[in-house]
1. Return the only residue of 116, 130 being within 21 Å of residue 225 (Cα to Cα) and either of a type in the set (D, E, K, R) or in contact with a strand residue (DSSP E or B) (Cβ under 6 Å, 6 or more places away or on another chain) (or both).
2. Does the stretch 72-83 hold any residues that are in contact with a helix residue (DSSP H, G or I) (Cβ under 7 Å, 6 or more places away or on another chain) and among the polar types (S, T, N, Q), and which are they?
3. Can you work out which of the residues in the stretch 71-104 that are more than 18 Å from residue 166 (Cβ to Cβ) and charged (D, E, K, R) is surrounded by the most Cβ atoms within 10 Å (Cβ to Cβ)?
4. Based on this model, can you work out whether residue 173 counts as of a type outside the set (S, T, N, Q) and touching a residue at least 12 places away in the same chain (Cβ under 8 Å)?
5. Name the pairs whose Cβ atoms lie under 7 Å apart, with the first residue in the stretch 181-207 and assigned to a helix (DSSP H, G or I), the second among the polar types (S, T, N, Q) and surrounded by 18 or more Cβ atoms within 10 Å (Cβ to Cβ), and 6 or more positions between them or separate chains?
6. Would you check if residue 254 is in a strand (DSSP E or B), surrounded by 17 or more Cβ atoms within 10 Å (Cβ to Cβ), of a type outside the set (Val, Ile, Thr) and at pLDDT 80 or above?
7. Tally time: how many residues in the stretch 218-251 are over 25 Å from residue 77 (Cα atoms), among the hydrophobic types (A, V, I, L, M, F, W, C) and surrounded by 19 or more Cβ atoms within 10 Å (Cβ to Cβ)?
Amino acid sequence: MKRIYYYLFLILTVAILAACEENTEKVQANKQDDKTISLIVFDNPAYVEATEIAKEEAKKLGYTLDVTYINDIIQPNEAVNAKEAFGNWFQHKAYLNQFNLDHHTNLVPTFDIYIDVAGLYSTKHDSIDDIKENAVIAIPIDPSNNGRALFMLEDLGLIKLKKGKKVTETSLLDIEENPLNLQFREVDQLMLSRVIDDVDLAFAFASTLSTGNLDHAKPIIIEDNIEEISDYMETIAVHKDNADDSKIKILRQAFQNDRVKETFHKNFPKVILGW
């Protein structure tokens, strides 16, 4: 009987030690996860260069930015909403708000990064006077940016819009006067730079033109009303459950610093910084 009790004690001891070891490994893994921030970022040089700097700055603070670069404007929000990633950086607040409405997601903005100033560009014409009847205009198909292009066309005197609507709520349905019978081609914003040679005017972001071999495109009009475009401030989005997570403070320090500011001023001088 003593021998049986001895073996039972031995088996129990081994089991307890194994459980303790497994628990220790889990604690260590959780600690490591607590120091890792998974982030999905738009695969564009304007974003990549700043993010690589942010990774270095986060490392100084004891954190690891686990970054996935992706060329898509749907998947990043779906992944964060499913908590497959902590956050993402690819969108402005107007797009984020519209996405939440359309897809019933629960994402919130954190801190400001920059406004990627947009404009209407052309590779065919030098000025607004060259825009003739039935000219083709490429504008973003997503509602958050659709009105942005239309407001610029109104500023040029090419169309007249209904009064009293915000730029983020304006669409083709709000055009009251179109004397030149302009033809509109609504295009996914990622494709706009690719169709610019096929149309008379195309909406484009400053960073897209800086990195898309589109230096030959001439600016016909550039946004300059900061108050009007304040909703287009780029932000890092997270799930609302993580809105108060301490990792946001780390991300803010990693992105809002002089090194990131310098790279924007050097490569993308037209963007408006949010800090």
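The values are calculated or read from the model by the stated rules, or taken from the named source; none is laboratory data. Just so you know, these numbers come straight off a predicted model, no measurement behind them. Note that each Cβ is placed from the backbone with ideal geometry, even for glycine, and that neighbours are counted across all protein chains shown.
1. Working: 130 fails: within 21 Å of residue 225 (Cα to Cα).
Result: 116 is the single residue among 116, 130 that is within 21 Å of residue 225 (Cα to Cα) and either of a type in the set (D, E, K, R) or in contact with a strand residue (DSSP E or B) (Cβ under 6 Å, 6 or more places away or on another chain) (or both).
2. Here is the first cut: in the stretch 72-83, the residues in contact with a helix residue (DSSP H, G or I) (Cβ under 7 Å, 6 or more places away or on another chain) are 73, 77.
Once the filter is applied, which keeps residues that are in contact with a helix residue (DSSP H, G or I) (Cβ under 7 Å, 6 or more places away or on another chain) and among the polar types (S, T, N, Q), the stretch 72-83 yields only 77.
3. 78
4. Details: of a type outside the set (S, T, N, Q): yes; touching a residue at least 12 places away in the same chain (Cβ under 8 Å): no.
Criteria not met by residue 173.
5. 189/145; 193/208; 207/44
6. So residue 254 fails the test.
7. Keep residues of the stretch 218-251 that are over 25 Å from residue 77 (Cα atoms), which gives 218-228.
Filter once more, so that each one left must be among the hydrophobic types (A, V, I, L, M, F, W, C): 220-222, 226.
The next check asks that each one be surrounded by 19 or more Cβ atoms within 10 Å (Cβ to Cβ); those that pass are 220.
Total satisfying the criteria: 1.
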